[in-house]
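The values are calculated or read from the model by the stated rules, or taken from the named source; none is laboratory data. What you see is a predicted model; the values in this text were computed from it and never measured. Note: ideal-geometry Cβ built from the backbone for every residue, glycine included; neighbour counts use all protein chains shown. Keep in mind that these areas ignore ligands, DNA and RNA; they rest on the heavy atoms of the full protein, side chains included. Shrake-Rupley method; radii C 1.70, N 1.55, O 1.52, S 1.80 Å.
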2 protein chains.
Amino acid sequence: MPVLVMKFGGTSVANLDRIRRAAKRVGVEVAKGYDVIVIVSAMSGKTNELVGWVEETSPLFDAREYDAVVSSGENVTAGLMALTLQEMDVPARSWQGWQVPLRTTDAHASARIVEIPTENMTAKFGEGMRVAVVAGFQGIAPDGRITTLGRGGSDTTAVAFAAAFGAERCDIYTDVDGVYTTDPRITDKARKLDKIAFEEMLELASLGAKVLQTRSVELAMRYNVRLRVLSSFEEQSDTAGTLVCEEEEIMESKVVAGVAYSRDEAKMTLLSVADRPGIAATIFSSLSEAGVNVDMIVQNISEEGRTDMTFSCPINQVARAEQAMEHSRKAGALNFAELVADKDVAKVSVVGIGMRSHTGVAAKMFQVLSNEGINIKVITTSEIKISVLIDRKYMELAVQALHDAFELDKAA
Amino acid sequence: MPVLVMKFGGTSVANLDRIRRAAKRVGVEVAKGYDVIVIVSAMSGKTNELVGWVEETSPLFDAREYDAVVSSGENVTAGLMALTLQEMDVPARSWQGWQVPLRTTDAHASARIVEIPTENMTAKFGEGMRVAVVAGFQGIAPDGRITTLGRGGSDTTAVAFAAAFGAERCDIYTDVDGVYTTDPRITDKARKLDKIAFEEMLELASLGAKVLQTRSVELAMRYNVRLRVLSSFEEQSDTAGTLVCEEEEIMESKVVAGVAYSRDEAKMTLLSVADRPGIAATIFSSLSEAGVNVDMIVQNISEEGRTDMTFSCPINQVARAEQAMEHSRKAGALNFAELVADKDVAKVSVVGIGMRSHTGVAAKMFQVLSNEGINIKVITTSEIKISVLIDRKYMELAVQALHDAFELDKAA
């Protein structure tokens, strides 16, 4: 029988009533003839509570224990979902990550999936099980300890199962009804997209549109898993939500598909760094070892053998970045005058696969921001996106102006 | 290094502050040179919450899913306890049941421990780990699914680890400071015992003194594990609490060690049962199959081929017992005139290993109750205890009178 993967996020399984509603949707797909793999998150709020306990207990926690603690929320919803389906006479059972076993690397708290053996679960489907309910977000390291995949990791779990089982589609049920041209809370002109290309979704996901975890989109792109984002609170239909798919499937084609933003950015500048070959490698490997996720990097022109190095990172990693830089300075690996952190910045980006073949998008973006009197602090670009760092107070204005300028409220 | 097992119940790990207090106690034992195995329960209230969700979702739940859900609470406290110890610079790590692996039978929701391999954990102790924090109450069935040991199962987990590792002692930290001659809420003359014999504790545990789970005491007796019950809220010392140990270790020796009671009893009488060989077997195997825990049994003298059969069971199993008896009657296996249930009874017992060598305890007990005008409905005895069923309204009076009469407020 064809396999369908259905993933339910925290708000979709927030309580027993919501779990029942989600189970009914699963029942509809089972009735259509699918063998269904359901991936569940923890009830909304549970993982945050657990993370809070871990951080309060041990600010620099052992990630192995963090994983053991925070993975427990998904186990609860997996069991409850299986019981709910059984009550509906749908043969179902729960699987925890280690039972599959969903094998991962040993990078605790942000492990990557290595392998999902399909034999056991396929055998159970053969024996009459119609739904396998899998606890999302978790796996098992080579040494047998529990790992988690990082926040939002249940999306990645879902896509990985869809790839491993050759699923017809991977439906991600969440509390929004699809992917929008931008955040509807910022402008009511935001428009839901029927389809979006993997590459665009990838940029939007990594730029702060919190609908899907970046890695899940990467994985879907690599294995060509048709991914659908839809709301568990709206009418069930085969065309609801937004389909994330290959470029070729998309008929409508605008140069810019969406405007994304991220509020949680900080801009860090190392002033007067001794400029010698390998200095960038020193700085960024030190930051990497400290677990700082560096995003944008800008190096100013070198004068008299010294330069300024600017990078951005999530705002909650500023202390860690400062610590890493001070540590490198004390160890003699690095020489700089000062490290200046600007925590009042935001990142705004325009994304679209059409940018590959259309020029002038950057120029138009900068002109729009200039017209609004918004100063650009850092710029980075890729083939299909342009991002700028600006003062956080202008973020909403910038998103609205760009959404208007690129006419994203109108269908292609 | 010698091994010590320390078990912390739900109230002792109810929040992060209590976990820290418990961890400090563990640290004291580590400093003395022990390798410590810590068994933790779920934070108080958590398991009840999970059980509530399961029962609401599916009244006749699949016990395998029940186990998957309700075992999650212990995983949280195990990880948090390990992190807390690490913060105190005590090398510690958490182990979930399946990681040990603590192998059990496949009797989900009330599994029995089959084996605890010690190699892995012993190796970790050899590598410098000083504390293994184990999630109590859970294990793994032969088919790889999670099992739980029944309510209070963390005590059993603790004793089983103490036996497997040849621990010097198994300390059960709870919210009471030891085992008392009777419930201090019934009489303020109740006195804490310094030591109590396994056999006595077993009778007290199964008679309703809720300090320790019966199975944990059985296991401790079988493997001669010195078991100490003490409060996690009092000053730490080597002589705190009550030591449950072999008879030979106990110097003070009174005929009666304690008075126990149980409120949740019901007396059931089958009137005019056709008395033929095998009739008792028919009745009690039918009750057993229905999951009724029969305690006392009394058969009256047979007259004209008919007899009355009386038994007691927990009050919440009365409906089940009635159903089983009706079922047997309809099936033609049993013939009786009426089944009378008396739900207003309580059981009061005196327990003491001294009763083996002293006569007259029963006579004294009956006299005391008679002096108070309390009618005895059913009597059962074992080598070291005498139990009577009386009207529930006299329960407290009976306990107080017996406690006084056997002078339990005075040390031996």
To the nearest 20 Debye, how big is the dipole of the protein assembly as shown about its Cα centre, given +1 on the beta carbon of each Lys and Arg and -1 on that of each Asp and Glu? 20
Alpha carbon centre of segment B:240-283 versus segment A:53-117: separation in Å? 44
So which GluC sites (Glu not before Pro) in segment B:344-412 pass both tests, a DSSP loop state and at most 12 other Cβ atoms within 10 Å of the Cβ? B:GLU383
Mean other chain Cβ within 10 Å across B:51-64 is 4
Which entries of A:LYS24/A:LYS189; B:LYS189/B:LYS364; B:LYS189/B:LYS210; B:LYS195/B:LYS267; A:LYS24/A:LYS124; B:LYS364/B:LYS385 show an alpha-carbon separation above 24 angstrom in the structure shown? A:LYS24/A:LYS189; B:LYS195/B:LYS267
Compute the orientation-averaged projected area for chain A from the convex hull of its Cα atoms and round it to one decimal in nm². 21.5
How much accessible area does A:ASP344 have with a 1.4 Å probe, in Å² rounded to the nearest 10? 100
Roughly what would the spin-label model give for A:SER302 and A:GLU49, points 7 Å off Cα along C-beta, in nm? 5.5
Arrange the residues A:MET395, B:MET88 by how much accessible surface each exposes, largest first, with a 1.4 angstrom probe. B:MET88, A:MET395
Excluding same-chain residues fewer than 8 positions from A:LYS254, which aspartates and glutamates have a Cα within less than 16 Å of its Cα? A:ASP194, A:GLU199, A:GLU200, A:GLU203, A:GLU246, A:GLU383, A:ASP404, A:GLU407, A:ASP409
Position B:THR122, label points 7 Å along Cα→Cβ, spacing to each other copy in nm (shortest first, one decimal): 4.1
In debye to the nearest 20, how big a dipole does chain A give about its Cα centre with +1 on each Lys and Arg Cβ and -1 on each Asp and Glu Cβ? 280
Using +1 on the beta carbon of Lys and Arg, -1 on that of Asp and Glu, and nothing else charged, what's the dipole of segment B:313-369 about the Cα centre, debye to 20? 260
Antiparallel DSSP beta bridges within chain A, percent to nearest 5: 60
Helix B:395-405 sits off the longest principal axis of the Cα atoms of chain B, rounded to the nearest 10 on a 0 to 90 degree scale, by 80
Antiparallel %, DSSP beta bridges [both residues in segment A:3-175], to 5: 20
Those aspartates and glutamates that a straight Cα-Cα span of less than 12 Å connects to A:LYS393, excepting residues fewer than 8 apart in one chain: A:ASP344
Return the aspartates and glutamates within reach of A:LYS330: Cα separation strictly under 20 angstrom, same-chain partners fewer than 8 residues apart disregarded; answer none if there are no such residues. A:ASP275, A:GLU289, A:ASP308, A:GLU322, A:GLU338
Nearest 500 deg cm²/dmol is fine: what mean residue ellipticity at 222 nm does chain B get from its DSSP H runs of n ≥ 4 alone, each adding -39,500 (n - 2.57), divided by its residue count? -10000 deg cm²/dmol
Stretched fully, the stretch from B:GLN367 through B:GLU127 gains (0.36 nm per residue minus C-alpha distance, one decimal, in nm) 80.1 nm
How would B:GLU289, A:GLU119 line up by accessible area, probe 1.4 Å, largest first? B:GLU289, A:GLU119
What's the longest uninterrupted piece of chain B once you rule out the chymotrypsin sites (Phe, Trp or Tyr not before Pro) that are loop residues per DSSP with at most 16 other Cβ within 10 Å? B:1-222
Dipole of segment B:195-240 [Lys/Arg +1, Asp/Glu -1 at C-beta], most positive-end residue of B:LEU204, B:SER237, B:ASN224: B:ASN224
Can you pull a Stokes-Einstein diffusion coefficient for segment A:294-412 at 4 °C (1.567 mPa s), Rh from Kirkwood over Cα pairs, as a whole number of µm²/s? 79
Once you put a point 7 Å from the Cα of A:ASN316 and another 7 Å from the Cα of B:GLN236, both along the Cβ direction, what distance in nm separates them? 3.3
Amide H to amide H under 5 Å from B:ASP171: which residues, 5+ apart in sequence or cross-chain, H placed 1.01 Å off N in plane? B:VAL5, B:MET6, B:LYS7, B:ARG228
Under Stokes-Einstein, with the Kirkwood radius over Cα pairs standing in for Rh, what whole-number D in µm²/s applies to segment A:3-175 at 4 °C and 1.567 mPa s? 82
Projected onto the charge dipole of segment A:1-142 (+1 at Lys/Arg Cβ, -1 at Asp/Glu Cβ, origin at the Cα centre), which of A:ALA141, A:GLY45, A:ALA123 gives the Cα projection farthest towards the positive end? A:ALA123
For B:HIS108 the rounded accessible area (nearest 10 Å², probe 1.4 Å, non-protein molecules ignored) is 30
In whole Hz and in residue order, list the ³J(HN,Hα) couplings for segment B:165-170 that follow from phi through the Karplus curve 6.51 cos²θ - 1.76 cosθ + 1.60, θ = phi - 60°; x for Gly and Pro. 9, x, 5, 5, 6, 10
What span do the alpha-carbon atoms of the protein assembly as shown cover on each of the three principal axes, reported in whole Å from largest to smallest? 107, 64, 42
Do any GluC sites (Glu not before Pro) in segment A:179-287 lie in a loop, going by DSSP, with at most 16 other beta-carbon atoms within 10 Å of their beta carbon, and if so which? A:GLU234, A:GLU235, A:GLU246, A:GLU252
How big is the Rg/Rh ratio for segment B:343-402, C-alpha atoms only, Rh by Kirkwood, two decimals? 0.96
Report ³J(HN,Hα) in whole Hz for each residue of segment A:44-60, in order, from the Karplus equation J = 6.51 cos²θ - 1.76 cosθ + 1.60 where θ = phi - 60°; Gly and Pro get x. 4, x, 5, 5, 4, 4, 5, 4, x, 4, 4, 5, 5, 5, 8, x, 9
Taking the dipole of chain B about the Cα centre (Lys, Arg +1; Asp, Glu -1; charges at Cβ), the one of B:ASN75, B:CYS170, B:THR310 that reaches farthest to the positive side is B:ASN75
Quick one: compute the contact order of chain A, relative version, from alpha carbon pairs under 8 angstrom and 6+ residues apart, as a percent. 14
Put a point 7 Å out from Cα along the line to Cβ at A:SER302; what are the distances to that point in the other copies, in nm, shortest first? 10.8
Ordered by residue, what ³J(HN,Hα) values in Hz, to whole numbers, does segment B:379-387 give under the Karplus form 6.51 cos²θ - 1.76 cosθ + 1.60, where θ = phi - 60° and Gly and Pro are x? 10, 9, 9, 10, 4, 10, 8, 10, 10
Just which residue of chain A brings its Cβ nearest the axis of rotation onto chain B, and by how many angstrom, rounded whole? A:SER72, 3
Percentage relative contact order, segment B:3-175, counting C-alpha pairs under 8 Å, at least six apart: 31
Just reorder B:ARG191, A:ARG356 by solvent-accessible area, largest first, 1.4 Å probe, all chains present. A:ARG356, B:ARG191
Taking A:GLN236 in one copy and the same position in all the others, each labelled 7 Å out along Cα→Cβ, what are the pairwise distances from the first, in nm, shortest first? 5.5
